[in-house]
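Undergrad: Attaching a single structure in structure tokens format; questions to follow.
The values are calculated or read from the model by the stated rules, or taken from the named source; none is laboratory data. Bear in mind the structure is a predicted one, so any value in this text is a computation, not a measurement. For neighbour counting, all protein chains shown are included, and Cβ atoms are generated from backbone atoms with ideal geometry for every residue, glycine included. For the accessible areas, the whole protein counts, side chains as well, though only heavy atoms, and no ligand, DNA or RNA atoms are used. Shrake-Rupley method; radii C 1.70, N 1.55, O 1.52, S 1.80 Å.
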Amino acid sequence: MELSADRLPAQLAAEPLRPIYLVAGSEALLVLEAADAVRVAARKQDISEREVHDMDGRDADWDALDASIHAPSLFASQRLIEVRLPTGKPGNDGSKLITGFCANPPSDVVLLVIAAEWSKAHAGKWSEAITRAGHVVIAWPVKPHELVGWMGARLRSRGLKATPDAVTRLAQRVEGNLLAAAQEVDKLALLLHGSGEVLDVERMDALVADSARFDVFRLADAALNGQAAQVARIIAGLRAEGEAIQALMGMVVKELGTVAALAQARNFAAECKAQRIWDSKQAVYKRALARHSPERWQRFLSDAGRVDRISKGRVRLGQETTDAWQQLERLLLAVADKGALRLLAP
């Protein structure tokens, strides 16, 4: 059966676990929460043993996964085995394994396949087999006209009440970033737990930071996600609010250093594990890596160090501007859009 992400929890509560689940989509938050729902259901049904297999390009070892599926468990009567597909495509070997599993699923294994990308082009006999043996959960991106409804439902699920105008204001602030939206709702739930207060626009403004414009932690994410216009808006907002650029540069250098390391790594999944990068952030890095070469990411890191020195008054660029804000904007616009590379100093 194919389900929407919001229907999955009710379906899990209404039946024993199916042998296999596919959770797919480019909206990282919705995919993460749907996968978590399957994990929680597994724990409730006393499935405590969990394995994770990253199937990333040439490093995908489907033979090892097949051996693991058919190996007896040492610690529990049932196991949850997760298969992560960064590209959303298992290839011929993976398709055969999944199709075979669906045709004759072992009684002691629940297979959870998580795909970070999804479209009609990703579907095939393997996903059709999952539909027959288990459930396919597609976490489609929330469209702009759906965001207010999604935000309202999210607030209600956390026991919060808000006027329609207040919900609309919150949706405007996060500009479609569901992870930022979820974080804001969770903050409100902590602040207002058990108060019974109905939030109006004025109260919402007082409680919620304008993360769409002024949240420094979202600046690097906007650049990595290729959102050049949002990069420009956030930088303009931060500068107008009087933020100190020196306080931003540590975060910018750290993020670019992470991407540069990932670009040089032979095994993306292993490097993510070594750097303790959350699953929800890996798709962001993959999109960024596809935009520039490893050499370019090293150049970006070097440029960030130069901007940091400019911000501290340690570098003069001759005829070039010594405005650190402008240099930072040019750098992050180039990160977001290959067409903006011409903005960087030669």
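Undergrad: Using only alpha-carbon positions, what ratio does the radius of gyration of the range 122-246 give when scaled by 2.2 N^0.38 Å? Before the final figure, lay out each step's value.
TA: Working: Rg = 17.9 Å, N = 125, 2.2 N^0.38 = 13.8 Å.
In units of the 2.2 N^0.38 Å rule of thumb, it is 1.30.
Undergrad: So for the pair residue 13, residue 287, with labels modelled 7 Å out along Cα→Cβ, what separation do we get in nm?
TA: Calculated label separation equals 3.2 nm.
Undergrad: What residue among 278, 99, 327 has its Cα farthest toward the positive end of the dipole of the chain, where the charges are +1 on Lys, Arg and -1 on Asp, Glu, each on the Cβ?
TA: 327
Undergrad: Give the average over all directions of the projected area of the C-alpha convex hull of the range 254-299, one decimal, in nm². Before the final figure, lay out each step's value.
TA: On the way: hull surface 11.6 nm².
Directional mean of the projected Cα hull area for the range 254-299 stands at 2.9 nm².
Undergrad: Taking each pair of distinct Cα atoms in the range 223-346 once, what is the resulting Kirkwood hydrodynamic radius in Å?
TA: Numbers: mean 1/r = 0.0666 Å⁻¹.
Answer for the range 223-346: a Kirkwood hydrodynamic radius of 15.0 Å.
Undergrad: Can you give me the distance in nm between label points at residue 66 and residue 326, each placed 7 Å from the Cα along the Cα-to-Cβ direction?
TA: About 6.1 nm, to one decimal.
Undergrad: Quote the relative contact order of the chain in percent (integer), defining contacts as alpha-carbon pairs under 8 Å separated by 6+ residues. Walk me through the intermediate numbers first.
TA: Working: 471 pairs, mean separation 56.6, N = 346.
With pairs under 8 Å counted, the relative contact order is 16 percent.
Undergrad: How far apart, in nanometres, would the label points at residue 48 and residue 296 be if each is projected 7 angstrom from Cα along the Cα-to-Cβ direction?
TA: If labels sit at residue 48 and residue 296, their model points lie 5.0 nm apart.
Undergrad: Of the options 139, 153, 124, report the single residue whose Cα projects farthest towards the positive end of the charge dipole of the range 106-156 (beta-carbon charges: Lys, Arg +1; Asp, Glu -1).
TA: 153
Undergrad: Which ³J(HN,Hα) values, rounded to whole Hz and listed in residue order, are derived for the range 185-195 from phi using the Karplus coefficients 6.51, -1.76 and 1.60 in 6.51 cos²θ - 1.76 cosθ + 1.60 with θ = phi - 60°, glycine and proline given as x?
TA: Values per residue, Gly and Pro as x: 5, 5, 4, 4, 4, 5, 5, 10, 3, x, 6 Hz.
Undergrad: Give, in whole angstrom and from largest to smallest, the semi-axes √(5λ) of the equivalent ellipsoid of the range 59-147, with λ running over the eigenvalues of the Cα gyration tensor.
TA: On the way: eigenvalues 134, 45, 32 Å².
Working from the Cα gyration tensor, I get semi-axes of 26, 15, 13 Å.
Undergrad: A further question on this structure: Hey, if you put +1 on the Cβ of every Lys and Arg and -1 on every Asp and Glu Cβ in the chain, which of 81, 17, 257 ends up farthest toward the positive end of that dipole?
TA: So the residue we want is 257.
Undergrad: Could you size up the charge dipole of the chain around its Cα centre, putting +1 on the beta carbon of Lys and Arg and -1 on that of Asp and Glu, and report it in debye to the nearest 20?
TA: Values: 45 positive and 44 negative charges, 141 e Å.
It works out to roughly 680 debye.
Undergrad: Now for a different question. According to the Kirkwood expression over distinct Cα-Cα pairs, how big is the hydrodynamic radius of the range 133-189, in Å? Mind showing how you got there, number by number?
TA: On the way: mean 1/r = 0.0835 Å⁻¹.
Evaluated on the range 133-189, it is 12.0 Å.
Undergrad: Can you sort 302, 26 by solvent-accessible area, 1.4 Å probe, largest first? List each step's numbers first, then the result.
TA: Working: 302 70, 26 45 Å².
Order by accessible area, largest first: 302, 26.
Undergrad: Might you report the magnitude of the Cβ-based charge dipole of the range 162-293 about its Cα centre, with Lys and Arg at +1 and Asp and Glu at -1, to the nearest 20 debye?
TA: On the way: 16 positive and 16 negative charges, 166 e Å.
Dipole magnitude for the range 162-293 comes out near 800 debye.
Undergrad: What whole-number distance in Å separates the alpha-carbon centres of the range 233-290 and the range 40-61?
TA: Taking the Cα centre of the range 40-61 as reference, the centre of the range 233-290 is 26 Å away.
Undergrad: A further question on this structure: What ratio of Cα Rg to 2.2 N^0.38 Å holds for the range 1-126?
TA: Numbers: Rg = 13.9 Å, N = 126, 2.2 N^0.38 = 13.8 Å.
For the range 1-126, the normalised Cα radius of gyration comes out at 1.00.
Undergrad: Treating only the Cβ atoms of Lys and Arg (+1) and Asp and Glu (-1) as charged, compute the dipole magnitude of the range 1-148 about its Cα centre; round to the nearest 20 debye.
TA: Working: 15 positive and 21 negative charges, 72 e Å.
Roughly 340 debye, rounded to the nearest 20.
Undergrad: With springs only between Cα atoms under 10 Å apart, run a GNM on the chain and tell me which of 30, 192, 155 wobbles the most.
TA: 192
Undergrad: Just to check I understand the Karplus step: with θ = phi - 60° and J = 6.51 cos²θ - 1.76 cosθ + 1.60, what whole-Hz values come out for the range 251-262, glycine and proline as x?
TA: After applying 6.51 cos²θ - 1.76 cosθ + 1.60, I find 5, 5, 4, 4, 5, 5, x, 5, 5, 4, 5, 5 Hz.
Undergrad: Now a separate question. Enumerate the residues in the range 150-179 having an amide nitrogen under 19 Å from the point lying 7 Å beyond the Cα of residue 202 toward its Cβ.
TA: What the label zone holds, given the 19 Å backbone N cut-off, is 161-170.
Undergrad: Then there's this: Which residues' amide hydrogens lie under 5 Å from the amide hydrogen of residue 3, considering only partners 5 or more residues apart or on another chain, with H built in the peptide plane?
TA: Here 136, 137, 138 satisfy the definition.
Undergrad: Right, here's the next one. In Å, what is the Rg of the alpha-carbon atoms in the chain, and how long is Dmax?
TA: Cα-based Rg and Dmax for the chain come out at 22.7, 71 Å.
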